[in-house]
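Heads up, the thing below is written out as structure tokens.
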Amino acid sequence: VWICGHLRKRRKGEPPLITGWLPFIGVTLDYVSNPLGFLRETQKKYGNVFTCKIAGKYFTFVTDPFSFSIVMRQSKNLDFQKFAVGFSHRVFGHADFSSSLFSESYREVHSIFRQTLQGLSLQQLTETMLSNLQMVLERGLPYEHDWLEEGLQSFTNRIMFEAGFLTLFGKDAGFLQADGTSGTRIWMQKAVQDFLAFDRAFPLLAAGVPIGLCAEAWQAREALAEELLHDKLHHRKCISDLIQRRMDAFDRMHLDETGKARTHVCMLWASQANTLPAAFWSLYYTLRSVDAFTAACTEVNRVFSGQLINNQDQTLCLSREQLDSMAVLESIIEEALRLSSASMMIRVASNDFTLTLDSGQTADVRKGDYIALYPQLIHLDPEIYPDPTEFKYNRFLDEKGQRKSNFFKNERRLKHFLMPFGSGASECPGRFFAVHEIKQFLALTLWHYDLQLRDPDATLVPDGTRAGLGILPPSRDVLLRYRRKTNTTTE
Ligand code: HEM
């Protein structure tokens with residue numbers, strides 16, 4: 001790699017090559033310290049397509065949003081799974097699904113995502129989530145009228161992790177019998193901590209540091225896997241179709257038991273790692289903006305206040321139509337995602353080929369190179385989104401209060417203007433469920449609680465050290481004051 005690093009020269013037809021001065025390291029340090037700033041600067045200097053040497057690998061960035069679909073359509077030349085599956089194998093320690101041994105069965109495992117996270121299964125999943133969210137919220141809601149204080153991030157993580165975990169992996173007997181004093185609750189508190197400890201190490205793991213060198217993360221991952229062994233999962237009730245079908249498929253593939261459990265940790269991570277910070281920012285921005293708060297509460301009241309609540313079972317319902325009708329919450333969530341998403345979409349070139357961009361410009365790509373899209377360049381582009389760093393709760397609403405989807409650059413309408421869930425072959429299959437569960441979380445907390453930020457004027461920025469890995473968490477927690485509303489259990 002070192003020798004190649006020195007020798008690679010830009011060939012005729014290839015995009016500008018930015019290698020930096022240091023072999024292997026290339027422009028890694030500039031990129032890592034501020035990916036968005038680096039890409040903006042490089043785009044300004046070299047145009048819409050350029051190749052950078054980052055950590056010994058060649059990444060060709062395509063920065064023009066009108067060319068994104070062109071890249072997405074190149075599935076013959078650009079492989080998504082090669083990178084993603086290899087990465088997952090290294091970080092989660094499950095079987096190497098890229099080996100020919102598993103390729104057929106892995107296609108089946110992959111198809112389960114779409115079959116169980118969309119359509120009728122999505123309906124079921126969403127209903128279970130609503131009921132679990134209410135159960136977790138009820139348990140943490142003291143009736144006295146004193147204000148409680150807790151970090152907003154810890155509040156969000158606690159509630160969303162537990163409800164999301166139970167929705168996917170079902171409940172054990174302890175949850176079904178008691179309303180929360182059993183050992184299972186203590187386990188759940190430890191599971192959140194383990195999840196967060198593992199997730200904290202993610203930037204290092206993504207950068208290639210072996211998990212064996214991150215002792216805390218390794219222990220946390222193994223502790224989570226221990227609880228997701230099939231022997232234990234068989235004793236849980238109400239397991240989602242998604243997990244049940246993955247269990248059946250892994251049993252048929254004859255993976256070893258620890259390997260199966262680690263694939264479930266991978267699924268747990270995919271379902272939570274972005275959802276938790278996205279839920280945090282959605283609630284945070286709602287509480288910081290009087291306009292957002294007022295509009296959100298009006299919408300939530302419209303949906304809930306008509307519901308007659310049976311006193312024995314004070315369960316609130318949210319039908320699919322009601323969820324879809326909550327355009328203000330949807331716009332808040334999309335705006336929060338726009339501001340906090342910093343994912344990178346990566347494909348591996350499986351052949352030497354020529355990419356023809358939207359402008360007609362061509363770029364020769366070498367087999368084995370990475371092609372990368374960085375949607376944050378669009379999300380924070382002032383031409384597409386005026387005042388791009390400002391939260392505007394109604395940015396994704398049109399003048400009739402309906403979902404707005406016409407955004408422009410160079411006076412041309414953009415197909416891809418918001419991409420927190422990726423696009424094409426790697427588009428997140430859980431995106432509908434994610435938006436539903438965050439809407440439910442916002443609706444229920446706004447309905448049941450009086451909520452205030454302790455210091456609403458303090459500024460809070462996303463944690464840039466996770467750039468490239470999805471939704472950025474806040475750089476620190478902020479104090480939330482909350483108390484139960486008195487009027488929500490009556491009519
Ligand atoms: C993949 C974002 C929530 C399941 C992805 C990818 C992104 C993403 C960007 C593609 C990664 C890549 O290109 O390599 C998000 C965001 C979420 C969210 C922003 C929340 C706000 C969820 C949830 C689930 C889920 C709730 C499941 C319950 C998955 C799975 C994949 C994935 C299984 C891998 C798909 C594949 O291999 O084709 N997600 N996600 N995600 N996500 Fe999500």
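Listing for the model above:
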quantity	calculated
Among (1) surrounded by 19 or more Cβ atoms within 10 Å (Cβ to Cβ); (2) more than 24 Å from Arg114 (Cα to Cα) - the single one Lys232 does not satisfy	(1)
Some residue of the range 423-443 being free of Cβ contacts under 8 Å to residues at least 12 places away in the same chain and more than 8 Å from the ligand (Cβ to nearest atom)	no
Matching residues, the range 237-286, being within 14 Å of the ligand (Cβ to nearest atom), among the small types (Gly, Ala, Ser) and not in a loop (DSSP other than H, G, I, E, B)	Ala249, Ala270, Ser271, Ala278, Ala279, Ser282
Conditions (1) within 16 Å of the ligand (Cβ to nearest atom); (2) over 21 Å from the mean Cα position of the chain (by Cα): number failed by Gln452	(1)
Per-region count, the range 341-383, residues within 26 Å of the chain's Cα centre (by Cα) and of a type in the set (Gly, Ala, Ser)	5
Search result, residues across the range 439-467 that are in a strand (DSSP E or B), touching a helix residue (DSSP H, G or I) at 6+ places or on another chain (Cβ under 6 Å) and not hydrophobic (A, V, I, L, M, F, W, C)	Pro462
Cβ pairs under 7 Å, 6+ apart, first in the range 229-243 and at positive phi and touching a residue at least 12 places away in the same chain (Cβ under 8 Å), second within 16 Å of the ligand (Cβ to nearest atom) and not in a loop (DSSP other than H, G, I, E, B)	Cys238/Thr128
Complete set of residues in the range 208-227 that are outside any helix (DSSP H, G or I) and crowded, with 17+ Cβ neighbours inside 10 Å	Cys214
Residue within the range 30-41 that is among the small types (Gly, Ala, Ser), loosely packed, with under 15 Cβ neighbours inside 10 Å and at pLDDT below 90 present	yes
Any helices (runs of 4 or more DSSP H) falling wholly within the range 298-413 and containing at least 2 residues that are touching a residue at least 24 places away in the same chain (Cβ under 8 Å) and surrounded by 20 or more Cβ atoms within 10 Å (Cβ to Cβ)	327-340, 376-379
Qualifying residue in the range 156-172 (condition: without any contact (Cβ under 8 Å) to a residue 24 or more places away in the chain and not in a helix (DSSP H, G or I))	no
Every residue from the range 351-373 that is small (Gly, Ala, Ser) and over 16 Å from Phe59 (Cβ atoms)	Ser359, Gly360
Residue within the range 300-313 that is within 13 Å of the ligand (Cβ to nearest atom) and small (Gly, Ala, Ser) present	no
Of the criteria (1) under 25 Å from Thr60 (Cα atoms); (2) within 16 Å of the ligand (Cβ to nearest atom), which one Lys415 fails	(2)
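The values are calculated or read from the model by the stated rules, or taken from the named source; none is laboratory data. Worth saying up front: this structure is predicted, and the values here are computed from it rather than measured. Quick reminder, even Gly has a Cβ in these numbers, built from the backbone with ideal geometry, and neighbours come from all protein chains shown.
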